[in-house]
Structures are given as C-alpha cells and as structure tokens.
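The values are calculated or read from the model by the stated rules, or taken from the named source; none is laboratory data. Computed from a predicted model, the values in this text were never measured in an experiment. Because the Cβ atoms are built from the backbone with ideal geometry, glycine has one as well, and the counts that use them run over all protein chains shown. What goes into the accessible areas is simple: the full protein's heavy atoms, side chains included, and nothing from ligands, DNA or RNA. Shrake-Rupley method; radii C 1.70, N 1.55, O 1.52, S 1.80 Å.
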Amino acid sequence: MLRFLLRRGAMLVATLLVASFAVYGALDLAPGSPIAALTGGRTPSPEVLAELNARYHLDDPFLVRYWNWLTAAVTGDLGQSIPLRENVSTLIGQRIGVTASLVALTSLIIVVGGVGLGLLGALRKGPVDTGVVLVSTVSAAMPSFAAAVVLQFLFGVRLGWLPVLGTGTGFADSLKHLVLPALALAATSVALVTRVTRTAVREELDKEHVQTAVSRGLPWSSVVRRHVLRNAAIPITTVVGLTVASLIALSAVVETAFGLNGLGAYLVQAALNKDFAVVQGISLVLVVAFVVTNLLVDLAYALLDPRVALGSRAS
Amino acid sequence: MSALLEVRDLTVRLRVGGSDREVITGTTLEIAEGEAMGLVGESGSGKSMTAKAIARLLPAGAGVEGSVHFAGTDVLALSGADLRRHRAKVAVVFQDPRAHINPVRRIEDFMTESLRTLEDVPRAQARTRAADALEEVGIDDPARRLRQFPHELSGGMLQRVMIATALLSRPLLLLADECTTALDVTTQAEVMAILDDLRRDRGLSMLFITHDLELAGAVCDRTSVMYAGQVVETSAADRLHADPLHPYSAALVQARPDVTSTAERLVAIPGRPVSAFEAPSGCRFAPRCPHALDSCRSTEQVLTGLDAGRVRCERAATLRGRLLDPTESPTESEETADA
C-alpha cells in the first residue's frame with residue numbers, strides 16, 4: 001500500500017511538472033502581451049515600457065520566469081494579475097468554492113441518477129428497461145450548453161421553480177442556484193454512467209457466483225447488493241471517476257451559461273482579457289484537481305478489486 | 001425407506017431463441033434419506049438440468065411439467081420466502097469453484113454469508129464455525145484462509161471450501177454437480193474422499209452428478225443413467241457394472257478403459273449423443289443401439305421395473321445378461337431368436 005502511494009505520488013508530481021510547463025509555455029507563446037492589455041492598445045513610451053517590464057520581470061529568460069513562477073506556485077503564490085493588480089491566489093480562492101460545489105453536486109447527481117437508472121434498467125426487463133435506454137439516449141445526445149438552455153427555459157422561465165442566473169447568497173440559496181447548472185452539466189454523464197451500470201449489472205447477473213448466492217437461499221435484495229452491485233462497482237467506479245474528472249474542465253461552459261462566478265467562467269473571461277497570470281493559475285488548479293481525481297479512482301479501483309495487487313501494478 | 005426427494009415425470013423446456021427446446025423428458029427418480037444417488041450420462045443428457053430443477057435454479061421462462069417433492073413439500077409450487085428456505089435446505093456443490101465463488105469477497109464472507117443472513121448467527125460465532133468446517137475438510141491454518149481471497153487459493157482448496165460451506169448450513173440434500181471434474185486427478189480423489197466421508201458422517205442424502213460411471217459406483221448407493229433427457233436405467237450402483245439392464249448403460253460400461261489389461265483400442269459407442277430436443281421418436285437410443293429392432297424405433301419406451309431396478313427398454317428382459325458378453329454379437333441370429 002505504501003509503495004503504491006509513494007509511486008503514485010511520484011507520478012503525480014511528474015505529471016504536474018510537465019503540465020505546469022505546458023501551461024506556462026503555451027501562454028508565453030500565445031500572441032499579445034500582458035503590457036498591451038494593460039495599456040489598452042496605446043503604445044507606451046520606452047521608459048514606461050522598461051519600467052513595466054522590470055516590475056513584472058518580463059525581460060528575464062523564459063526558463064528563469066518559469067522557475068520563479070513554479071517555485072512561488074508551490075508555496076501557494078500564483079503571482080499577480082496585471083490588469084486587476086490583485087493576487088491570483090486570492091482571485092481563485094474567491095471562486096473555487098462555487099466550482100467545487102457545482103462539481104460535487106453534479107457528481108452526486110451522476111452517481112445517484114446513473115447508478116439508480118442503470119440498476120433499474122438491468123433488473124427490470126421490458127418497458128422499464130426500454131424507458132431507461134430511451135431517457136439515457138436522449139440525455140447522452142444533449143451537450144451541456146443545449147441542456148442549459150432547455151433547463152433554463154423549462155424550470156426557470158416557464159415554471160419559475162428555480163433561479164436561472166447568478167450564484168446566490170447563503171447555503172440554501174446557493175444550492176438552489178446550483179441545481180439547474182448541475183443538472184445541465186450532469187446530462188451527458190448520467191447517460192454514460194447509466195449505460196455502463198446497466199451493462200455491468202447485466203453481466204454480473206449472469207455470473208456463476210451469483211447463481212451460487214441464489215442457490216443458498218439468500219434474499220434477492222442481498223444477492224443484488226452484496227454480489228451483483230458490489231462486483232459491478234468496479235467498472236462503474238472507473239467510469240464515474242473519469243466522468244467527474246472531465247466535469248472540472250466542462251464546468252466552464254455551464255458556469256458561463258448560468259452566470260455563475262466560478263473558476264471555469266473566470267478562466268474564459270481571463271483568457272479574453274489576456275490576464276495571463278490568472279489563466280496560468282486556474283489551469284494549474286484544474287490540472288491538479290484532474291490528476292488527484294484520477295489518483296483517487298485508481299485507489300478506489302484497487303480497494304474494490306482485491307485481485308489488483310497494489311504494489312505490483314505496472315501503470 | 002422413505003423418500004426425501006421424489007421427482008416424477010419431470011419435463012423441462014428452455015426457451016432458446018424463439019422456440020422451446022426440451023432438455024429433460026419424463027425424468028423420474030427418488031432419493032431416500034441418507035442415500036446417495038448417482039446421475040450419470042454424457043454432456044447434454046440433462047443431468048445438470050435435473051439438479052437445477054430440483055434446486056429451482058432453472059433460468060426464468062423455463063417450462064416445467066411433472067412434480068418434484070422434497071421433504072413433503074411440492075417444490076415446483078414454492079415461491080418467495082418458502083422457495084428460499086427450500087434452496088437453503090438443498091446445498092449445491094458446483095463444478096467450477098473459481099467461477100462459483102465471488103472473487104472480490106473474502107473466504108470468510110463466502111462461508112458465513114448464509115449463517116449470518118439467514119440464521120442471524122453472530123459474526124464471531126459464524127467465523128468459529130467456518131474455521132471448524134475448514135479444518136474438517138482438511139484445510140490447515142483456517143484462520144489465515146478465512147482472511148484470504150478466492151484467487152489466493154488453489155482449485156482443490158476452493159472446492160473444499162465450497163463443500164465445507166455447503167455443509168455449514170446443515171442441508172438435507174447435497175447436489176454435487178460434477179464437483180470434481182475441474183480438478184486434477186489426485187486432487188479429485190482427495191476431494192471425493194472428503195465429500196464421501198462427511199456425507200456419511202452426517203447421514204446426508206446426495207445426488208451425485210458425474211459422467212464417470214466408476215466414480216458414481218464408488219460413492220453412490222444407486223445410479224441412474226440418463227440419455228437424451230431421459231432416465232434410461234436406475235440400478236444399485238455396484239450392480240450396474242456387472243449386470244447393466246439398458247444397452248446404453250452396457251455400452252458405457254464397455255467404453256471405459258480396463259485398468260488391468262492394455263486394450264488394443266477403446267470401445268466406442270457408434271454415432272453421437274443427441275439432446276432431448278433432437279431425439280428421434282421411439283427409443284431415443286435406438287439409432288446407436290446394436291440390439292434395436294423396428295419396434296424399438298416406433299414405440300415410445302417407458303421406464304418399467306425389472307428386478308430391483310428400473311429400465312427404459314422393451315427388450316431389457318430378453319437381453320438381460322447378454323449385454324456385456326463380448327462373444328454375443330448382435331446380428332440377425334438374435335433377431336430370429338427373438339421373433
């Protein structure tokens with residue numbers, strides 16, 4: 001177990017190092033400069049330009065700047081937003097809660113909805129199963145921006161049940177504001193998890209060891225819980241993990257559509273404003289979240305399936 | 001002897017594709033308390049389906065006719081909690097323990113699940129009973145084995161776990177479905193000896209399904225032979241070898257290699273085994289039977305008592321004692337003798 005964690009830890013650090021270099025390097029190569037954004041297109045005098053370059057260390061060689069940024073980032077200092085003259089860490093801190101809550105709520109919907117529907121479809125053949133397949137097909141074909149518009153129209157405008165825009169204040173109100181965005185974000189993934197659950201449960205139901213459990217006179221509910229769902233949990237966890245990891249990036253679309261003040265929406269806005277430090281900072285946070293989620297999935301996988309030996313896994 | 005299990009005219013049809021296929025036709029057998037009955041036949045003859053029907057493990061949509069009575073209850077009419085109680089009293093030892101034991105649960109979980117779920121035995125007590133049961137089937141260091149996962153145990157060891165588990169819930173009948181086929185020969189003998197010992201100690205009834213006539217003879221009191229979904233003969237197990245009543249049983253006895261002499265060539269039954277749904281009308285074995293007459297092919301054969309056994313062959317009385325005789329070649333002379 002310890003060896004596994006150490007190795008995965010080392011891999012995590014290596015991944016982050018490569019990712020951080022890519023993030024920093026890509027923005028360095030991107031057209032436009034932070035100075036241009038700051039001066040609003042006017043050409044500053046050479047003195048001012050030199051002064052600005054010196055203040056933001058823009059004249060240093062690339063590798064030196066990368067190194068300074070990286071060592072500061074490790075301590076939690078992601079630099080300064082040049083246009084806003086504010087600490088990037090503070091800017092991210094103000095918004096990370098919204099995105100984290102959105103992803104958490106969406107994950108909950110995906111797990112409960114996807115596993116529930118999948119189980120229902122697998123266990124109840126006939127019209128119920130057909131219904132599940134139909135719903136999941138429609139849901140799978142619905143990209144989150146389209147789902148956002150439909151949900152806003154239906155529940156926000158027509159029925160007036162839920163707020164359509166904004167973040168809200170206080171726990172209950174914030175949660176209410178997150179329901180529609182989370183549903184929009186979950187649409188495609190719920191369908192995926194439903195399909196995988198349905199297939200995995202069907203497959204498991206046909207296994208001999210399930211027949212053994214039935215032959216021993218165990219109640220059906222306990223056969224399903226302890227043998228069918230327990231074993232099907234292995235592929236389900238894998239797909240849930242990958243889906244949740246992808247939500248972190250997809251949240252940008254939904255946050256923009258619902259006017260949520262989260263990291264994803266802010267990333268888009270910062271990129272448009274050429275606020276390089278913010279883009280780098282948010283990208284780095286998203287990469288960390290993605291990699292850590294994947295690590296958790298691997299851990300869960302090894303815990304769920306004893307045949308996967310933790311110490312000797314090659315990947 | 002009162003019969004613990006009574007199967008009468010059991011016919012099972014399975015849905016394959018769009019059509020119903022008969023897999024067992026009119027199977028009749030009974031097992032007394034403490035008796036071991038062997039059920040012998042080739043693959044596809046309906047042995048396992050018979051066991052599944054008794055334990056009510058047939059796939060959904062299977063059509064079942066006839067009757068199965070177990071310990072005074074009509075098994076085919078059971079449902080819900082009564083059905084589960086019936087299943088708990090009939091323990092099944094399956095052929096492939098690796099596939100039949102949940103790979104992600106510990107041996108302890110597998111062994112104690114019935115006790116804890118159905119009988120509310122406390123965890124510690126269930127564990128002690130499981131450890132004792134493991135010791136009984138000759139597994140040392142049971143405490144360690146209980147903590148292990150199935151993939152950490154050998155096939156022979158797993159089958160012993162399966163047997164120990166089957167006996168833990170104190171069943172009335174053991175259905176052993178080719179329980180040693182997947183094991184290598186030496187392990188097979190060990191597992192078989194353990195199963196036989198424990199069964200006799202407990203006075204447990206058993207339906208022992210195998211395609212090994214010899215093995216059935218060694219552990220069973222009586223043996224039933226199945227062909228194409230029908231029981232063709234039921235006899236005392238030791239008598240079946242010396243004095244088979246049905247030409248098919250005789251052919252099976254002759255087809256097994258003799259251990260005392262080197263045979264030039266093994267005797268084989270001509271033709272190939274058929275399943276119930278593709279069986280011809282009349283006697284199902286007739287196309288492969290050296291003794292078949294025209295009347296065999298045209299009349300449905302019925303299971304009738306002969307001596308202490310039962311046989312499904314109208315010529316059984318005539319052929320009695322001649323089936324194993326190598327000098328007896330079934331030719332026209334025989335037909336004239338009969339006519």
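Each residue in the stretch B:29-47 was checked for being in a strand (DSSP E or B) and either within 13 Å of the chain's Cα centre (by Cα) or not assigned by TED's automatic domain parsing to the domain that holds residue B:225 (or both), and 8 pass. For the stretch A:203-219: of the residues being facing chain B (nearest Cβ under 7 Å) and in a loop (DSSP other than H, G, I, E, B), which is surrounded by the most Cβ atoms within 10 Å (Cβ to Cβ)? Result: A:216.
Among the residues of the stretch B:99-136, those identified as facing chain A (nearest Cβ under 9 Å), within 30 Å of residue B:212 (Cα to Cα) and either open to solvent by 10 Å² or more (accessible area, probe 1.4 Å) or hydrophobic (A, V, I, L, M, F, W, C) (or both) are B:99, B:100, B:101, B:103, B:110. With respect to the conditions (1) over 16 Å from residue B:94 (Cα atoms); (2) within 14 Å of chain A (Cβ to nearest Cβ); (3) of a type in the set (Val, Ile, Thr), residue B:186 falls short on a single one, namely (2).
The rows are residues; the columns are (1) open to solvent by 50 Å² or more (accessible area, probe 1.4 Å); (2) not in a helix (DSSP H, G or I).
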| residue | (1), (2) |
| --- | --- |
| A:134 | yes, no |
| A:146 | no, no |
| A:150 | yes, no |
| A:156 | no, no |
| A:163 | no, yes |
| A:174 | no, no |
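The set of residues in the stretch B:64-92 that are at the interface with another protein chain (Cβ under 10 Å from one of its Cβ atoms) and of a type in the set (A, V, I, L, M) comprises B:81, B:83, B:88, B:90, B:91, B:92.
Scanning the stretch A:189-202 for residues that are among the hydroxyl-bearing types (Ser, Thr, Tyr) and buried (at least 21 other Cβ atoms within 10 Å of the Cβ) returns A:189, A:194, A:197.
Determine, yes or no, whether residue B:152 is touching a residue at least 24 places away in the same chain (Cβ under 8 Å) and open to solvent by 50 Å² or more (accessible area, probe 1.4 Å). Judged against the criteria, residue B:152 is not a match. Modelled with pLDDT of 90 or more and in the same structural domain as residue B:170 (by TED's automatic domain parsing): is that true of residue B:68 in this structure? Considered against the rule, which asks whether it is modelled with pLDDT of 90 or more and in the same structural domain as residue B:170 (by TED's automatic domain parsing), residue B:68 comes out as yes. Looking at this structure, is residue A:233 out of contact with any strand residue (DSSP E or B) (no Cβ under 8 Å at 6 or more places or on another chain), closer than 17 Å to residue A:262 by Cα and open to solvent by less than 40 Å² (accessible area, probe 1.4 Å)? It is false that residue A:233 is out of contact with any strand residue (DSSP E or B) (no Cβ under 8 Å at 6 or more places or on another chain), closer than 17 Å to residue A:262 by Cα and open to solvent by less than 40 Å² (accessible area, probe 1.4 Å). Among the residues making up the stretch B:58-98, those that are over 20 Å from residue B:48 (Cβ atoms) and open to solvent by 40 Å² or more (accessible area, probe 1.4 Å) are B:69, B:71, B:72, B:73, B:74, B:77, B:79, B:80, B:81, B:82, B:84, B:85.
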